[in-house]
Amino acid sequence: MRREARGNSRSEKSLSRKVSCLALGVLLLALSFSAEAQQTKKIPRIGYLSPADPASDSTRAEAIRLALRERGYIEGQNIAIEYRYAEGKRVRYPELAAELVRLKVDIIVVAGADPLIQAAKNTTKTIPIVIVGGGADPVEAGLVESLARPGSNVTGLTNLTRELSGKRLELLKEAVPKLARVAVLYDPTAPSSGRELKEVLPVAARALGLTIQPWEVRDANGFEKVFAALNKQRPDGLYVAGGGPVMVTNQKRIAGFALKSRLPSLYINRENVDVGGLMSYGADQAESYRRVAYYVDRILKGAKPAELPVEQPTKFELVINLKTAKQIGVTIPPDVLARANRLIK
């Protein structure tokens, strides 16, 4: 009886060890499959397409990264971003868009420039495209069927650049009451700039009793000739029209010229004021970048761009650089200062 009991005991221990080993094996196998599944889980890839260069675009790109992070998308962890910069060369637009399509990105974020948006749309009809404040009316430009229902792979934000031109000119006149002649720098290859100069600014200038003098700059080599002419003619102010990568990639150069020439200058984006320009008025950039992250999030969660309405800005910001005002000898009236959303001191 004792031998039989010992035998049964040894048999039970052996069976227990086998069961434990089997359970451990199953657990290790499950962990292995889980680790492999995590490694092979697809990380969304965002294509970021800019008309500018990395340095000029750094503020915008970083703001969009932070907005994505607020929604839980951290670059290098659960999202990947492929950056492509045209560096002011319009001829590169189709090539860079094609590169992102070949990489099979999940979304293409196009940072402004209407021809760049069009190049992206011409390259793909399936990959969702989120636009970041193009200057032209997207319906008029043929990018979407309507703002409410885009009906294509394009959606995002339009910044009303052209529509705000008259208001910008008005603000420059209020800031510098003695203003009479305003030089307008514009890129003729940017459709929105051409229409702004022909259709909006002349009407606003007449109402304000101003004379505008258009100066076109097609590439970086054209600035010195224009700057030399402006130094001879001595206008009272400088208005930098929105649209066109040439203006974006040379924003420091333009602001530097205005500062050296003691010219009150006005721009569409606050980035220009950060580098020495006097004033800017346009869509609230921080809010725009947060909305870009919203579109990316919605699309990654299954929303169709054709059904996501294109948004127009609801918040606007007036930014004034008081250091620049002091350097060029301009005293901004108190009522204009009171309306500023941000003062650089």
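The values are calculated or read from the model by the stated rules, or taken from the named source; none is laboratory data. Computed from a predicted model, the values in this text were never measured in an experiment. Every residue, glycine among them, receives a Cβ derived from its backbone with ideal geometry; neighbour counts consider all protein chains shown. All accessible areas refer to the heavy atoms of the entire protein, side chains included, with ligands and DNA or RNA removed. Shrake-Rupley method; radii C 1.70, N 1.55, O 1.52, S 1.80 Å.
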Open item on the list: Give me the one-decimal nm value for the distance between modelled label points at N341 and E70, 7 Å along each residue's Cα-to-Cβ direction.
Closed with: 1.3 nm
Task: Sulfur and carbon atoms: percent of accessible area, segment 227-345 [1.4 Å] - done: 48 percent
Task: L300-K232 FRET efficiency (beta carbon distance; Förster radius 51 Å; 0.05 resolution) - done: 0.40
Task: Mean accessible surface per residue for segment 149-303, computed with a 1.4 Å probe while every protein chain stays in place, in Å² - done: 38 Å²
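Take the solvent-accessible surface of the protein heavy atoms, probe 1.4 Å, and return the percent of it on segment 83-134 that carbon and sulfur atoms account for. Kindly include the intermediate steps, with their values, before the conclusion.
Details: 1080 of 2040 Å².
Exposed carbon and sulfur together represent 53 percent of the surface.
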- [ ] Against the globular-protein guess of 2.2 N^0.38 Å, express the Cα radius of gyration of the chain as a ratio, rounded to two decimals.
- [x] 1.40
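Of the listed peptides 200-207, 335-342, what is their order by residue-averaged count of other C-beta atoms within 10 Å, with the highest listed first? Display every interim value, and only then the final one.
Details: 200-207: 16.2, 335-342: 12.9.
Put in order of decreasing packing, that is 200-207, 335-342.
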- [ ] May I ask for the angle, rounded to the nearest 10°, between helix 93-102 and the longest principal axis of the chain, with both axes built from Cα atoms and the value confined to 0 to 90°?
- [x] 10 degrees
Open item on the list: Helix 251-260 against the longest principal axis of the chain: what's the angle in degrees, Cα atoms only, rounded to the nearest 10?
Closed with: 30 degrees
